[in-house]
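The values are calculated or read from the model by the stated rules, or taken from the named source; none is laboratory data. Source: prediction; values computed, not measured. Here Cβ is always computed from backbone atoms with ideal geometry, including for glycine, and neighbour counts include all displayed protein chains. Surface accessibility is based on the protein's heavy atoms, side chains included, excluding ligands, DNA and RNA. Shrake-Rupley method; radii C 1.70, N 1.55, O 1.52, S 1.80 Å.
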Amino acid sequence: MQTTTLTAMRIGFIALTDCAPLIVAKEKGFFERHGLDVTLQREPSWANLRDKVALGALDAAHMLAPMPLAATLGAGGWKQQQITSFALNLNGNAVTISTRLWNRLADAEPALVQDRHEAGNALRRLIAADRKAGRPQLTFATVFNYSSHQIQLRYWLASAGIDPDRDVQLVIVPPPQMTDRLALGEIDGFCVGDPWNSLAVLRGVGRILITGYEIWNNRIEKVIGTNRDWVERNPLTHKQMLMALLEAAAWLDRPENRLEGVEIMAKPDYIGPEAVEAIRLGMLGMLRYGLDVSPEQIPDFFVFGRYSANFPWRSQADWYLTEMRRWKLIDPATDIAAVADCVYRTDLYREAAAALGKPFPLIDRKPEGLHAGPWTLAQASAPIPMGADLFFDGSYVSSARPVAHADVSTAAAPTDRTIAWEDVAGRDAVGSKSSG
């Protein structure tokens with residue numbers, strides 16, 4: 001196939017804190033340094049981004065981690081082979097409910113104020129009481145059917161015995177509209193990326209129940225998505241984009257740069273000055289669960305470059321696809337490992353990282369859910385310090401092929417939802433525990 005080289009690129013994004021590597025690459029000159037003239041285009045919804053990339057109106061876009069998987073499968077829209085070779089960040093989401101719903105929960109179960117890890121169980125009991133009393137179902141919003149938020153919310157609800165398809169109503173709302181819809185009482189809760197959770201708290205209309213980090217430590221949240229044929233036509237441009245983003249992500253993860261990053265993100269063309277305090281909290285690793293409590297430190301609430309954060313781990317793609325199959329969002333006959341291999345292009349990431357002299361993993365999959373704290377990835381071009389990767393319910397993901405849930409349609413017990421790792425004893429071949 002004949003290839004061409006572009007110097008100009010159009011990249012779309014949604015107004016969320018985790019688009020920061022794109023904004024920083026533009027504002028701090030990393031794109032320009034690597035020979036690219038990038039136009040960043042803010043879009044109102046994930047569906048807009050999906051469609052514009054598929055049609056070629058955008059060359060690349062800020063995407064939810066499952067989006068290129070869904071597009072390649074033709075789930076939720078027309079079929080378009082897409083890839084990602086770069087994760088923009090780890091973490092950054094939360095489940096937030098209205099202050100009205102929080103007050104109901106806290107009145108019914110005062111101990112919840114001291115132990116938010118019981119929030120799911122408290123919510124299950126309130127839903128049962130509402131059903132018995134004939135009250136309307138609670139309505140929760142996510143940002144897109146094929147989103148990390150939809151999957152996270154379903155996973156968390158199911159862990160508490162709440163069936164997300166029968167016990168609550170799930171609706172789709174664009175991220176910037178979440179806080180207003182919550183304030184108006186149109187929804188009772190949502191799962192979205194920051195700054196919209198923090199903004200709901202600061203406005204006094206919401207309460208954060210649990211963060212995405214607490215559901216699964218250091219999970220890939222957003223990626224850069226492109227059409228596969230665009231990359232095949234423009235391999236050098238694609239590599240230049242990855243190199244610029246690698247440098248931007250590293251810049252963002254240096255603590256001395258985070259406040260400047262907040263100022264950049266709060267510009268009117270990006271997220272906007274009305275969200276500056278909410279952006280600041282998340283970027284500094286501080287989370288305020290409610291107005292009546294002090295902010296808490298979650299240093300890894302946003303990870304942009306540490307822990308090999310930008311590597312498109314196929315083990316995480318396996319998990320997303322397995323959950324999508326569980327909830328009947330994709331064909332149950334989908335070959336999960338094959339789709340993950342096709343869409344999450346680890347080879348292209350390695351080429352860009354090697355060009356910059358940065359270390360990169362030599363494996364495509366790793367065990368997920370086995371590390372409570374720092375560890376070292378040994379199977380890499382040079383040892384890479386890694387972060388915790390625990391699931392809140394003790395599950396783990398295979399480093400090889402995922403195993404389907406016994407019953408993908410029901411809210412099974414945590415032990416039934418564990419995705420088996422075929423060789424747990426072999427984990428020292430992948431990584432070793434480090435002190436701390």
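For this structure, a couple of remarks:
- Checking residue 291 against (1) within 19 Å of residue 203 (Cα to Cα); (2) touching a residue at least 40 places away in the same chain (Cβ under 8 Å); (3) assigned to a helix (DSSP H, G or I), the condition it does not meet: (3)
- Number of residues in segment 205-252 that are of a type in the set (Ser, Thr, Tyr), open to solvent by less than 10 Å² (accessible area, probe 1.4 Å) and assigned to a helix (DSSP H, G or I) equals 1.
- Yes/no for residue 24 being in a helix (DSSP H, G or I) and farther than 28 Å from residue 327 by Cα: yes
- Contact map, segment 61-74: first residue assigned by TED's automatic domain parsing to the domain that holds residue 226 and at negative phi, second residue part of a loop (DSSP other than H, G, I, E, B) and of a type in the set (S, T, N, Q), Cβ cut-off under 7 Å, separation 6 or more or different chains; pairs are 64/147; 66/147; 71/80; 72/81; 73/334.
- Taken together, the residues in segment 328-363 that are over 22 Å from residue 247 (Cβ atoms), among the charged types (D, E, K, R) and out of contact with any helix residue (DSSP H, G or I) (no Cβ under 8 Å at 6 or more places or on another chain) amount to 2.
- Residue 49 being part of a helix (DSSP H, G or I) and either surrounded by 16 or more Cβ atoms within 10 Å (Cβ to Cβ) or at pLDDT below 95 (or both): yes
- Taken together, 102, 78 contain a single residue that is part of a loop (DSSP other than H, G, I, E, B), in contact (Cβ under 8 Å) with a residue 24 or more places away in the chain and open to solvent by 10 Å² or more (accessible area, probe 1.4 Å), which is 78.
- Comparison of 332, 312, 299 shows that the only residue that is in a loop (DSSP other than H, G, I, E, B), open to solvent by 50 Å² or more (accessible area, probe 1.4 Å) and in contact (Cβ under 8 Å) with a residue 24 or more places away in the chain is 332.
- Candidate set from segment 154-191 (those that are open to solvent by 10 Å² or more (accessible area, probe 1.4 Å), assigned to a helix (DSSP H, G or I) and among the polar types (S, T, N, Q)); member that is farthest from residue 127 (Cα to Cα): 177
- Residue 147 fulfils the conditions (1) under 19 Å from the mean Cα position of the chain (by Cα); (2) open to solvent by 10 Å² or more (accessible area, probe 1.4 Å) except for a single criterion, (2).
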